[in-house]
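Enquirer: Structure below; questions to follow.
Every number in this text was worked out from the coordinates using simple rules, so none of it is lab data. Please read these numbers as outputs of a predicted model, since none were measured by experiment. We place every Cβ from the backbone using ideal geometry, glycine too, and count neighbours over all the protein chains shown.
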Amino acid sequence: MLTYHKPKIPDACPICNVLLRSLDLEVYNRVSICADCEMHFLQRFKPLWDEGWRPNPRQIEERLKERTKEPFFFVHL
Ligand SMILES: [Zn+2]
């Protein structure tokens with residue numbers, strides 16, 4: 001009998017809601033967001049982030065628009 005264990009990693013990033021890819025998992029384990037959010041939000045706004053700041057929906061939407069222009073966006077590694 002198979003038992004389904006719910007993984008503790010979600011399907012999508014809690015910040016940008018983009019599906020997590022294999023390359024995001026290591027980042028997620030560290031900071032609970034995807035690699036792109038780490039690069040573009042956490043690292044860029046590190047002091048604010050450490051105080052609990054999170055990007056607002058407009059900032060996330062703008063970042064997602066940028067990401068769709070990038071050639072790697074839909075590539076599965
Ligand atoms: Zn994200």
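Enquirer: Between Glu51 and Asn29, take the C-beta separation as r, use R0 = 22 Å, and let me know the FRET efficiency to the nearest 0.05.
Expert: Values: r = 22 Å, r/R0 = 1.02.
Once the sixth-power term is evaluated, E becomes 0.45.
Enquirer: Please compute the volume of the convex hull spanned by the alpha-carbon atoms of region 8-77 and report it per residue in Å³.
Expert: Numbers: hull volume 6.0 nm³, N = 70.
Measuring per residue, one finds 86 Å³ for the Cα hull of region 8-77.
Enquirer: Run the numbers for Glu66 and Ser22: contour at 0.36 nm per residue of separation, minus the present Cα-Cα distance, in nm.
Expert: Length gained between Glu66 and Ser22: 13.8 nm.
Enquirer: Using Cα positions and a limit of under 30 Å, work out the lysines in reach of Lys8, with same-chain residues fewer than 8 apart set aside.
Expert: Straight-line reach from Lys8, under 30 Å: Lys46, Lys65.
Enquirer: Tell me the relative contact order for region 8-77 as a rounded percent, counting alpha carbon contacts under 8 Å between residues six or more apart. Write down the numbers at each step before the final one.
Expert: Details: 47 pairs, mean separation 19.6, N = 70.
In percent, rounded to a whole number, it is 28.
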